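Where a number appears in this text, it was derived from the coordinates with a stated rule and is not lab data. Predicted model, so just to flag it, every value in this text is computed and none were measured. Quick reminder, even Gly has a Cβ in these numbers, built from the backbone with ideal geometry, and neighbours come from all protein chains shown.
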Amino acid sequence: MQTIDLQETGLRDLNQTLHAQSETTNQTAWEILNPKGAHAIACGLDAPIEVTVKGSTGYYCGGMNKQATINIHGSAGPGVAENMMSGTVIIEGDASQYAGATGNGGLLVIKGNASSRCGIAMKGIDIVVHGNIGHMSAFMAQSGNLVVCGDAGDALGDSLYEARLFVRGSVKSLGADCIQKEMRPEHLALLADLLERAGCDAKPEEFTRYGSARKLYHFNIDNAY
């Protein structure tokens, strides 16, 4: 285990050290102490390493992640795992707004609640939230899966493309072009796998699926003014 204390080492030096790791590194386990809400911790990683942050983080922790597993033993500020490509980010606490925004791949697990715009413009990432999510989540989401074990706020899935949304609790309101859809066997199997990988014991049958009505795909003259 390699340990870096941010009270003694600067954030730039920390990230440069993590960026220097490659697929052949034997320093695969890293621990970061005293993050104290610092921004951009462990951004842009591209190696199969595991990074454990002992505390809460600021903006964009784990952004642009590839391959790495990042564990946050606290809560995360806005934009955690933003534009993630692969790997895993696990947050033991809550996540602020636009968690997983524009994510292309990988798995984001939030064991607490997520604020507004969770999964906005997601492009293939899988997001599992053990708690609730705020308003405008999955806005313009293109692909991937958003799983919510609690409740969802207003305008869920507004202007949604082909992402799949699974909500166990209530939805305050659906956004434009987002509708409830049939839960088929393939969706139950997909959901069971995601819940298992995210360490959640909820049952797939307890969820409702939402998706795009596909009415915004093409120009409609009746909508012109």
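Could you tell me how many degrees, from 0 to 90 and to the nearest 10, lie between the Cα long axis of helix 185-197 and the main elongation axis, the longest principal axis, of the Cα atoms of the chain?
20 degrees
Cross-link candidates for LYS36: which aspartates and glutamates have Cα within less than 17 Å, leaving aside residues fewer than 8 places away along the same chain?
Reachable aspartates and glutamates: ASP5, GLU8, ASP13, GLU92, ASP94.
Would you mind computing, in nm to one decimal, how far apart the modelled labels at ASP5 and GLU186 are, each placed 7 Å from Cα along Cα→Cβ?
5.4 nm
Suppose we keep just the DSSP beta bridges with both residues in the chain; what percent of those would be antiparallel, to 5?
15 percent
For LYS203, what charge total do you get from the other residues with a beta carbon under 12 Å from its beta carbon, if Lys and Arg give +1 and Asp and Glu give -1?
Neighbour charge sum, excluding LYS203 itself: -3.
Per Stokes-Einstein, at 4 °C and 1.567 mPa s, what whole-number D in µm² s⁻¹ belongs to the stretch 2-216, with the Kirkwood radius over Cα pairs as the hydrodynamic radius?
Rounded, D is 76 µm²/s.
Measure off 7 Å from each Cα along the Cα-to-Cβ vector at GLN142 and GLU31, then give the distance between these two points in nanometres to one decimal.
Between GLN142 and GLU31, the simple spin-label model gives 4.0 nm.
Taking Rh as the Kirkwood radius computed over C-alpha pairs, what is the Stokes-Einstein D of the stretch 99-206 at 10 °C in a medium of viscosity 1.306 mPa s, expressed in µm² per second?
Numbers: Rh = 13.1 Å.
In µm²/s, the coefficient rounds to 121.
Averaging sequence separations of C-alpha pairs under 8 Å and six or more residues apart, then dividing by the length of the chain, give the relative contact order as a whole percent.
Values: 721 pairs, mean separation 21.9, N = 225.
Relative CO of the chain lands at 10 percent.
Taking a cut-off of 12 Å between Cα atoms, list the aspartates and glutamates near LYS123, but don't count ones fewer than 8 places away on the same chain.
Output for LYS123: GLU82, GLU162.
Holding the Cα-Cα limit at 25 Å, pick out from LYS66/LYS172; LYS54/LYS172; LYS111/LYS203 the pairs that are longer than that.
The pairs that break the limit, which is 25 Å between Cα atoms, are LYS66/LYS172; LYS54/LYS172.
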